[in-house]
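Visitor: One structure, pasted below without further comment.
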Amino acid sequence: MKNIQSELPIFYETAHAELASALEMLAACKGTDTPKQALGYFMHAKDEYMHAKCFFKMLSQRGIKVSLEKAREFRFTPPSLIIKGYISNKGFLIDTMKLKDFIAFVYTNELLAKSSFENILNLVGSDTDEGKIISSIMMDELRHHGMAKKYFLKNYPALQPWQLVMYRFRETLQNKGRKLYDANLKFLDKILTPLYKGMAFVAGNMARKLNLNEFKREGKNLMEISSKSIL
Amino acid sequence: MNLKEKGKILWKFHLNLSFKVSSNFKMFIGVSGYNHESAAALVDKNGVLIDYYREESLSRIKGDKSFPRRAISKLLKSNNLQIKDIERVAFYERPLSAFLHIVKEASLNMPRSLSLLVHQFRNFNRSSVSCYLDFAKEFKGLETKLIYSDHHLSHSLTALSYSNSKKDVCSVVVDGFGDRSTASISQIVNPSEINELWECPYPVSLGLFYSSITDYLGFSINEGEYKVMGLASFGDSKSKSAKLVRGLMDWDSTSNKIISDMSYFDYHLSTSNSFNSKLEDLLGPARNPFVQLIPGESDFQRCADIARGAQDLTIYLLQKIFTHAHKITRSRRFLFSGGVSMNSASIDSLAQLPFIDEIIIPPSPGDAGCAIGAAFYSYIKSNSYIDLKISKPSLFPSLKEIRNDEFLTEQIIFNQFSILEKDEDDAFLKAAELISAGEVIGTVLSRSETGPRALGNRSLLCDGKNKDAVKKLNTVIKNRSPFRPTAPAMRYKIAKKYYRLRPEIYDCYQSMSATCQCLKDNVSLKFPTTHVDGTARIQIVENNSSLDKLLSILEPMGVEILANSSLNVSGDPNSFDLVDGLMVCSRTKLRYLLTDLGLLKRKT
């Protein structure tokens, strides 16, 4: 049971990440200018959707076995893709990045995803049914990485191999940075929660005194209430 | 003519021209978001809804409630508008009011509610209070044109726009929580005079009660309510569980108020729990969301009975609210909106109330549809009463994609699909032949639907009387819970043969907003689209719509009813454009897709 509980967050987060990738690729497919690229992104999105489906299934198989409280904690809701930061609230990557950077991002992240799946593979065992699925997903990621590399070499022939390494290094660093930031945020959250609660308690005591009767609209013509008021 | 006179004439011409240009582009935007699904709507100077987008259609994140940046951008881009062309933008609720009501209620229940208070304060900048800043950041200049409507007023105006009569009607709004109340009754004298006569103050809420039961039954809030409604048909109203749920809320006839035992619920105290252990003590343990609910298996009947109790209570309270609405307004014509009005299984009961002549439910009665009401609010606020002309919006309001679908999907179609028929008439004929032979086809035709229900343009269709085809649609393609029914779509003359139609809610049948009973001892009771309780959520197709055209070909072939479900994979929003449709086809076992480019067949 303990093992399953510790696995839940891994599958939960991975499923989020794969679904977010699918959405990013679908957005790229709709945002591109050439039919050929649209096909590439389309096929990539299709793969990522399939990966997400696999991880959701693995999550679900574990969710059945844990306590109700834990199961409710790991129930997926689509808006959590934004809340958890898998999709930026500023927009899709294709809308916010230059095409070259976007491809570099795909090129690097597919490889990083593959290495993180290696950890999951160790967790479930490579000879299990789940292991076989994960192995096939890893192959997909490698293929996506290769396609991004091919695109790079074709469209940016002047690009030197060391520049690709630099891109990869930069993305890896940024990824590690994001993880560190997230871990720090969680740590800070733990430390500061009592303070937040204290402040909320004080603010709550003040809010108690609020008289909201003014907001009552019974008998009023709603069209005559000031349209400038946020109250 | 000297130079000065020429200059004067030119200046007059310029003034005339600029006046014409600016008056031509007098547009109004309505926006909803932050709490439930976000959306943006565009109304022109003639009171016509000319465009509408839900954010989830564009972000592909179901129930996307973030600031509708994509939707507003698309409105502006698709209609070739600039910020200066927009006269006013209305936000669908009063943000500070919504924020303070939640904080005030939570503050009365400290320390239990401390986590909710912390959440509210820490996310202040992500709540609707920040909509002004979001406008300023994303669409500089629009923030100066921002005005605010009341949440329930936005609902009322949305519903009013879909009504043929724009005055002397009663508006009933029932939802989870607005910006101050959870249900209201207003008398609409005319679009400029809408008097609120009754309200149900937060936290007592029929909508949040239903969502809590949804949560208890293991379904996601704001998404699984349909499932509870479908599950209820299997339940027994006389069962112990149903009776216990039925007792959780009531109507106080003396004070004309909804009363609720709040000690069973936590939705006003917590961010993560909508109910508490007391509800579990009463009804038994909540359902694990990961365990599939299958008819006949253990715990199914208990869950169905609980759903039945929630449904019975909803119908009972709605009848009480409508009866009270009639009592205080004397009106016989009603507009019904808010999230609870999506409870299509309760509408037939409401139509049977003796004082009802008409109930209008907009096709998107939830918060996403409020953007339409907000857009009309800004339109009404900018015009004098005598100039008001509010046109009834179409069920398919989004503009067609400006981007050339044919160009963008050229390679996808070439690689993954084959075009069976390119000509529109031939494609429809071939699609009809396939349906008649028991196939399931998807559609991506013309404009997409306003609301959450697919009405034929973004649908999965098959012969509604063919059990195998309906089963394939439900289980093989959509992977839906086995207890959820599929809606039948047909023309009016066919519907009359099989179902007990109520003229009071005829419009609701067009937008699939109401269920109806099969006629007594009628063959329709055996249709695979008929639910276990002898009801069906029928769609009477609109004249000249895509489905109307398809049925006109199918009827001579002996197919008069289509099973109609949304073109999506479970958990995703309905398809919006051709790429989405192709993706659904590629991810599922769906083989045929009827599109504006012709009939496509997925390559195996």
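Visitor: Summing -39500 (n - 2.57) over the DSSP H runs of n ≥ 4 in chain B and dividing by its residue number, what mean residue ellipticity at 222 nm do you reach, to the nearest 500 deg cm²/dmol?
Guide: On the way: 22 runs with 218 residues, N = 604.
When only DSSP H runs of four or more count, the value is -10500 deg cm²/dmol.
Visitor: Continuing with the same structure: Say the dipole of the protein assembly as shown comes from +1 at the beta carbon of Lys and Arg and -1 at that of Asp and Glu; which of B:Pro68, B:Trp198, B:Leu593 then lies farthest toward its positive end?
Guide: Result: B:Pro68, furthest along the dipole toward the positive end.
Visitor: Less than 14 Å Cβ to Cβ from B:Asp387, Lys/Arg counted +1 and Asp/Glu -1: what total charge do the surrounding residues give?
Guide: Working: positive: B:Lys26, B:Lys45, B:Lys166, B:Lys381, B:Lys389; negative: B:Asp44, B:Glu87.
Local charge sum for B:Asp387: +3.
Visitor: Something else about it: For region B:453-552, which trypsin sites (Lys or Arg not before Pro) are both in a DSSP coil and crowded by at most 10 other Cβ atoms within 10 Å?
Guide: Those that pass, being in a loop and sparsely packed, are B:Lys520.
Visitor: Which value, in Å², gives the accessible area per residue of the protein assembly as shown when a 1.4 Å probe is used on the protein heavy atoms?
Guide: Counting only protein heavy atoms, the per-residue value for the protein assembly as shown is 42 Å².
Visitor: For chain A, modelled as a Gaussian network with Cα springs under 10 Å, which listed residue fluctuates most, A:Arg178, A:Arg208, A:Arg143?
Guide: Per the Cα network of chain A with a 10 Å cutoff, A:Arg208 tops the list.
Visitor: GNM on chain A, C-alpha springs below 10 Å: top fluctuator among A:Leu188, A:Leu210, A:Leu111?
Guide: A:Leu210
Visitor: Please report the antiparallel percentage of the DSSP beta bridges confined to the protein assembly as shown, to the nearest 5.
Guide: Here the antiparallel bridges make up roughly 70 percent for the protein assembly as shown.
Visitor: Identify, among B:Leu445, B:Phe407, B:Thr486, the residue whose Cα sits farthest towards the positive end of the charge dipole of region B:405-602, taking +1 on the Cβ of Lys and Arg and -1 on the Cβ of Asp and Glu, with the dipole about the Cα centre.
Guide: The Cα lying farthest towards the positive end belongs to B:Thr486.
Visitor: What residues does region A:171-205 have that are buried by at least 20 Å² of accessible area in the full protein assembly compared to the chain on its own, 1.4 angstrom probe?
Guide: A:Asp189, A:Tyr196, A:Lys197, A:Ala200, A:Phe201, A:Ala203, A:Gly204
Visitor: Which percent, to the nearest 5, of DSSP beta bridges fully inside region B:206-360 are antiparallel? If you can, show how the numbers build up before the last one.
Guide: Working: 5 of 8 bridges.
Antiparallel: roughly 60 percent of the beta bridges in region B:206-360.
Visitor: Any idea which of A:Ala15, B:Pro528, B:Ile321 is furthest toward the positive side of the dipole for the protein assembly as shown, if Lys and Arg beta-carbons carry +1 and Asp and Glu beta-carbons -1?
Guide: Checked the options; the winner is A:Ala15.
Visitor: For the interface of chains B and A, what total accessible area is buried with a 1.4 Å probe, rounded to the nearest 100 Å²?
Guide: Using a 1.4 Å probe, the pair buries roughly 6300 Å².
Visitor: Return the loop-located trypsin sites (Lys or Arg not before Pro) in region B:195-240 (DSSP other than H, G, I, E, B) with at most 12 other Cβ atoms within 10 Å of their own Cβ; answer none if there are none.
Guide: B:Lys238
Visitor: Once the Cβ-Cβ distance between B:Lys467 and B:Ser298 is put in as r, and R0 is 22 Å, what FRET efficiency do you end up with, to the nearest 0.05? Mind dumping the intermediate values first?
Guide: Values: r = 27 Å, r/R0 = 1.22.
Once the sixth-power term is evaluated, E becomes 0.25.
Visitor: Compute the Cα gyration tensor for region B:405-602, then decide on rounded, prolate or oblate, letting a ≥ b ≥ c be the square roots of its eigenvalues: rounded whenever a/c is under 1.5, prolate when a/b is larger than b/c in the other cases, and oblate in all that remain. Please report the intermediate quantities before stating the final value.
Guide: On the way: a/c = 1.78, a/b = 1.64, b/c = 1.09.
Prolate, since a/c reaches 1.5 and a/b exceeds b/c.
Visitor: How would you classify region A:98-207 from its alpha-carbon gyration tensor, with a ≥ b ≥ c the square roots of the eigenvalues: rounded for a/c under 1.5, else prolate if a/b is greater than b/c, otherwise oblate? Numbers along the way, then the final one.
Guide: Numbers: a/c = 3.54, a/b = 1.70, b/c = 2.08.
Taking the square roots of the gyration eigenvalues as a ≥ b ≥ c, region A:98-207 is oblate.
Visitor: Can you tell me which of A:Glu141, A:Glu69, A:Glu13 moves the most in a GNM of chain A? Springs connect C-alpha atoms under 10 Å apart.
Guide: Fluctuation is largest for A:Glu69.
Visitor: If you split all Cα-Cα distances of chain A into 5 Å bins from zero, what percentages do you get per bin, shortest first?
Guide: It works out to 1, 5, 10, 13, 14, 13, 10, 8, 7, 6, 5, 4, 2, 1, 0, in whole percents.
Visitor: Answer rounded, prolate or oblate for the protein assembly as shown, using the Cα gyration tensor with square roots of eigenvalues a ≥ b ≥ c: rounded when a/c is under 1.5, else prolate when a/b is larger than b/c, else oblate.
Guide: Because its axes are fairly even, with a/c under 1.5, the protein assembly as shown counts as rounded.
Visitor: How fast does chain B diffuse by Stokes-Einstein, in µm²/s, taking the Kirkwood radius from C-alpha pairs at 25 °C and 0.890 mPa s?
Guide: After rounding, the answer is 97 µm²/s.
Visitor: So, one more: If you place +1 on the Cβ of every Lys and Arg, -1 on the Cβ of every Asp and Glu, and leave all else neutral, what size is the dipole of region B:147-292 about its Cα centre, to the nearest 20 Debye?
Guide: Values: 11 positive and 17 negative charges, 87 e Å.
My answer is approximately 420 debye.
The values are calculated or read from the model by the stated rules, or taken from the named source; none is laboratory data. Just so it is clear, the model here is predicted, and its values are computed rather than measured. Don't worry about glycine lacking a Cβ; one is built from the backbone with ideal geometry, like all the others, and counts go over all protein chains shown. The area values use the complete protein model at the heavy-atom level, side chains included, leaving out ligands, DNA and RNA. Shrake-Rupley method; radii C 1.70, N 1.55, O 1.52, S 1.80 Å.
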